[in-house]
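Remarks on the structure that follows.
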Amino acid sequence: MRKTTILFIILTLQMLVVCCNSSKDFYSGIEHLGKTKVEIETLTMDSIILDASMTSFSGQWLMSPSGSRIYFADSYAVGINSYRLNGVYDTTYITQGRGPNEMLLPSWSSSFDQNDCFVSLDNNSSVNIFSADFSTKTFYEPSPWFTAVDTSFLQAEWRNLYRNPDPKVPQMYEFNNYVGQIYYKYGKLYIPILTEHVAYNPYEVYSKSKEFWRDSYLFAIYEPENISETLKLVGHYPSVYSKKNIPVFGRYSFLIKGNEIMVSFNADPKIYVMNIAGEPLYSFGVADGLISGAYPETVTFEEFEEHGAAYRNKYGYYDKLFSDGELVFRTCRLDNGQRKLQIYKDYDLIGDILVDSDFELFGRGCDGFYYAYKRSDYINEHFVLVKFKLFEK
Amino acid sequence: MRGGKVARQTDKRSLFLLFLLLAFNSCYCIAQKVKVITQDGDTVPYLYFVSSGGKYYLSSDSYGFIDISNVSLPDTTAFMVYSDFYSSEPASLLSLRSLNAIIVRYKTEHLRDIYIMPEDSLMKLLGDASRLFSKRYLKDYVATLGYRRKIYSGEQLVQQYLVYGLWGSLDFNQNHIRHYWDDRNLMGVFGALDSFVSEFHLSGKKSSAGPNKVVNQSVSDADFFNVNYVNEFSLRALDIKRTVEIYSPLNEKYVKDYSYRLESISNENGVQIYTIVFKTKSNKFPGHTKLLGTGKIVLTEDCKVLQVELENAEDRYTSFIRNKEAKAGVLLTPYKWSVRYVHNEQGIFTASVKMAVTWNTPQESTLKRGDYYYIEWNPYRRPFENRLKTETDIVFSEIVPIVNIKQKEKIRGFLGSSFGAGATYYAVETVNHDFWVNVLKNNLRLGLIKLDPCPPDFESLYQQAVRSNEINRLEYSGNKNKNNPARILYKEIYNKEYYE
């Protein structure tokens, strides 16, 4: 009896330790800021029609640094299509090639830095950086970043990594296409990353998915001119992903504000803020009552592939971030399929507005309007954007 | 109490009857599948039916069934077989709904009394032909290749591109290989000598058609063909040639996988020519042969194969290769394909390959991914609404057998592994415009038929090239190497410039 009791206690303690380690929260102990002070519940939106006939309909929307042009960076054709704020097509920057104003491959993700330089990760993960007027390519690294970081990482190292996955090794990761954004600020490139190692990934519970959610990194940050010495892996997933295996809702959106990285995860109502070393600082963000978070688990890659699209059409989640000065915007998909725009000012929720299903806010123009993508009209080969003003701005 | 018991029994009976009615209705709704069979009882996969007026289509799936459960057309809509191999009486939708099967006739039926050739004899003939084909097909040779691809929207020609190049057929074999891209023969090695691409003119649209290729797998099923397309030098016709050479009756190993009927016997220059129709036995696909459908082989009485044709056949060797089952998809692209072979004292070689594809939505198709098959990528978005059609003609000439290994490796090195997926329009660094003026005006060199007349408001391709500054567009290749390897090799092999 005594022996049995002792054994029971030992086993219980062991389980507690394992459970504690498993659900160790990277973000525990940080302050949660902000309150709910909703003042904006509707927005008046005007539609703008843009010619899409020369595009693939797939790409990224950007506002020009001057706020006077809308850019569409096509993901399937080299070129940045420029439109005036009234939707009229203007010109196309960057042609295909190796010339000073050219790229070899279409842009997969792009951004402007604080000096209006345009940076693009093409669909070979090569980095291209252009001057503000797109006329001159100031930097080009043809090797994908995970190759450029260490050119001595050869067959033997790859074989070893295959047998012994290690989340601290940069070569474990590739560009996280589910996130898609990149940023280039003050000489540093911020790239979202994901590892799908066959024995270390978020899909298979028998492939260390618990360890993945706890230990794998969110971002690779480096100076493009000196990746081998400056590359750092930072950021981790929050504990909501350790409770249940929900890779279908493992996506996140992020932005850079000064020296801080702001991240919002699909399955977590909080918006986390960390420094560029990846240390969590604080959080804010309000849960929406129409996002239950009751996500079904998937335990194999096949389940993830087979059910992913259906689950994302059935359950609500927290989606894309955008910021403008003291304002932070976040779109959400509700359980009932509707889409919502949350507006935060100084961490308080001040706006809670229903918007269109594909609504994606991308910039504020020099006319004071905010611009968002609404939908594509494939029959007439148009894009439809919307613009609105906030009464405070 | 008694009245209550009777009422309960009546309720139960009513419920039971209601259940039966619902079950019957749901069965009736589910079981609206019509089997398409020949008089011998064989199912016919991928057979197209067209309504009078040509507006609507139905297609049997890979199992030979037409599912008309969700076809919402007037019951009086009549459909007829649209095929070179089969025919049937017109059948209205109403009559199809009441049938379990529709019987189609071979178009050779009326010849039955005149030509009698048992299937065993046909199989023996094809066995001999396939052995001769395997033995005499040139193992290694080079040829010049003339390529023309035309894209139509309805009857309007919207784009044409032509390439003239050097093609090598190396290590010819008929071996089954798990992944077609590991085949040492593949679809040949190729280097472009010169190329020309017209602008893309779709009625009502701007001249620029946007990017050449969009393959975005994350779009919804409903938007898949609204967004995705691939417009490039399509090699599908040569992919299918490899599938035919390996998996059709051209390969002795697969002769038994098909059933045969004699279509005709003719006489050319004193030589008897047999035209034999073949059809895949349903239990042989995809476990054994990778070709499902109907075709014909034209051969001489001394077993020389002259031509092979296919109609709507599924090629599981080079497309949709992840499908391991005989998946019941409908066909979105009725098409005709053919290859012509020439026999001379040196051996057998390919003279030409042709393919003509149309994009149609069968009425029963839900366009849900996995429920359809198509033979090639649509060259522009919205292929059904834009009524897209393509015609690909490839002609080989100036055949030179390769006799030593050094020469073979040089050709393989110079010409690359293939010009296929990923190839753009811009296959060469510099374009010889005089060459294309001659070709377009006089149809020289490429062995092409006369160019179609252009509508009055449609510039000739040459006029377009001059007007729209095609020079810059055509000269760009992404490769600053001015020494075009194909041109160097051509001069070595033929002792002349390619444009002479």
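The values are calculated or read from the model by the stated rules, or taken from the named source; none is laboratory data. Bear in mind that the values here come from a model prediction, so they are computed numbers and not experimental data. Reconstructed Cβ throughout: ideal geometry from the backbone, glycine too, with neighbour counts over all protein chains shown.
Give all pairs with beta carbons closer than 8 Å in which a residue from the stretch B:364-387 that is away from chain A (no Cβ under 14 Å) and closer than 24 Å to A:Ser376 by Cα meets a residue that is of a type in the set (Gly, Ala, Ser) and surrounded by fewer than 19 Cβ atoms within 10 Å (Cβ to Cβ); count only pairs at least 6 apart in sequence or on separate chains.
Going by the 8 Å Cβ cut-off, the qualifying pairs are B:Arg387/B:Gly154.
Please determine whether any residue of the stretch B:302-310 is farther than 22 Å from B:Phe85 by Cα, touching an Asp or Glu at 6+ places or on another chain (Cβ under 7 Å) and surrounded by fewer than 19 Cβ atoms within 10 Å (Cβ to Cβ).
Initial filter on the stretch B:302-310 (farther than 22 Å from B:Phe85 by Cα): B:302-304.
Remaining after also requiring touching an Asp or Glu at 6+ places or on another chain (Cβ under 7 Å): B:303.
Imposing the further condition that a residue be surrounded by fewer than 19 Cβ atoms within 10 Å (Cβ to Cβ) reduces the set to B:303.
So far as the stretch B:302-310 goes, yes, one or more of its residues are farther than 22 Å from B:Phe85 by Cα, touching an Asp or Glu at 6+ places or on another chain (Cβ under 7 Å) and surrounded by fewer than 19 Cβ atoms within 10 Å (Cβ to Cβ).
For a quick check of your reading of the model, give me the residue pairs whose first member lies in the stretch A:364-393 and is at pLDDT below 95, whose second is of a type in the set (Ser, Thr, Tyr) and surrounded by fewer than 20 Cβ atoms within 10 Å (Cβ to Cβ), with beta-carbon atoms closer than 6 Å and at least 6 apart or on different chains.
Matching pairs, first to second residue: A:Glu381/A:Ser53.
Report, by residue number, each residue of the stretch A:273-287 that is in contact (Cβ under 8 Å) with a residue 60 or more places away in the chain and either closer than 16 Å to A:Leu349 by Cβ or of a type in the set (Asp, Glu) (or both).
Residues satisfying the conditions are A:Tyr282, A:Ser283, A:Phe284, A:Gly285, A:Val286.
Give the residues of the stretch A:277-317 that are in a strand (DSSP E or B) and within 17 Å of A:Asn245 (Cα to Cα), sorted by residue number. Spell out how you get there, then give the answer.
To start, the set of residues in the stretch A:277-317 that are in a strand (DSSP E or B) comprises A:280-284, A:317.
A:Tyr317 - this is the single residue of the stretch A:277-317 that is in a strand (DSSP E or B) and within 17 Å of A:Asn245 (Cα to Cα).
If a residue counts only when it is within 22 Å of B:Val357 (Cβ to Cβ), assigned by TED's automatic domain parsing to the domain that holds B:Val353 and not basic (Lys, Arg), which strands (runs of 3 or more DSSP E) contained entirely in the stretch B:65-181 have at least 1 such residues?
Details: elements: B:65-67, B:78-81, B:101-106, B:141-153, B:156-169.
Here the list reads B:141-153, B:156-169.
Residues in the stretch B:295-310: is at least one in a loop (DSSP other than H, G, I, E, B) and without any contact (Cβ under 8 Å) to a residue 40 or more places away in the chain?
So the first thing to find is which residues in the stretch B:295-310 are in a loop (DSSP other than H, G, I, E, B), and the list is B:301-304.
With the extra rule that they be without any contact (Cβ under 8 Å) to a residue 40 or more places away in the chain, the set shrinks to B:301-302.
Yes: the stretch B:295-310 contains one or more residues that are in a loop (DSSP other than H, G, I, E, B) and without any contact (Cβ under 8 Å) to a residue 40 or more places away in the chain.
Having 1 or more residues that are touching a residue at least 60 places away in the same chain (Cβ under 8 Å) and within 14 Å of chain B (Cβ to nearest Cβ) is the bar; report the strands (runs of 3 or more DSSP E) wholly within the stretch A:46-149 that clear it. Outline the logic, then answer.
Numbers: elements: A:46-51, A:59-63, A:69-74, A:80-84, A:89-93, A:107-112, A:118-122, A:127-130, A:137-141.
Counting at least 1 such residues, we get A:46-51, A:59-63, A:69-74, A:107-112.
Report whether or not B:Ser14 is hydroxyl-bearing (Ser, Thr, Tyr) and either part of a helix (DSSP H, G or I) or modelled with pLDDT under 80 (or both).
On the way: hydroxyl-bearing (Ser, Thr, Tyr): yes; either part of a helix (DSSP H, G or I) or modelled with pLDDT under 80 (or both): yes.
Yes; evaluated as a whole, the condition is true for this residue.
If you check A:Phe301 against the conditions, is it touching a His at 6+ places or on another chain (Cβ under 9 Å) and touching a residue at least 40 places away in the same chain (Cβ under 8 Å)? Quick ask: steps written out before the conclusion?
Values: touching a His at 6+ places or on another chain (Cβ under 9 Å): no; touching a residue at least 40 places away in the same chain (Cβ under 8 Å): yes.
So A:Phe301 does not fit the description; no.
So the check is Cβ under 8 Å with 6+ separation or different chains; which pairs have a first residue in the stretch B:91-103 that's β-branched (Val, Ile, Thr) and a second one that's loosely packed, with under 15 Cβ neighbours inside 10 Å?
Note: pairs meeting the criteria are B:Ile103/B:Gln39.
Among A:Glu204, A:Glu223, A:Glu229, which is the only one that is of a type in the set (Asp, Glu) and closer than 18 Å to A:Ser110 by Cα?
Of A:Glu204, A:Glu223, A:Glu229, the one residue that is of a type in the set (Asp, Glu) and closer than 18 Å to A:Ser110 by Cα is A:Glu223.
Need the failing condition index for B:Asn231 against (1) over 24 Å from B:Ser352 (Cβ atoms); (2) within 14 Å of chain A (Cβ to nearest Cβ); (3) surrounded by 19 or more Cβ atoms within 10 Å (Cβ to Cβ), just the number.
(1) is the only condition that B:Asn231 fails.
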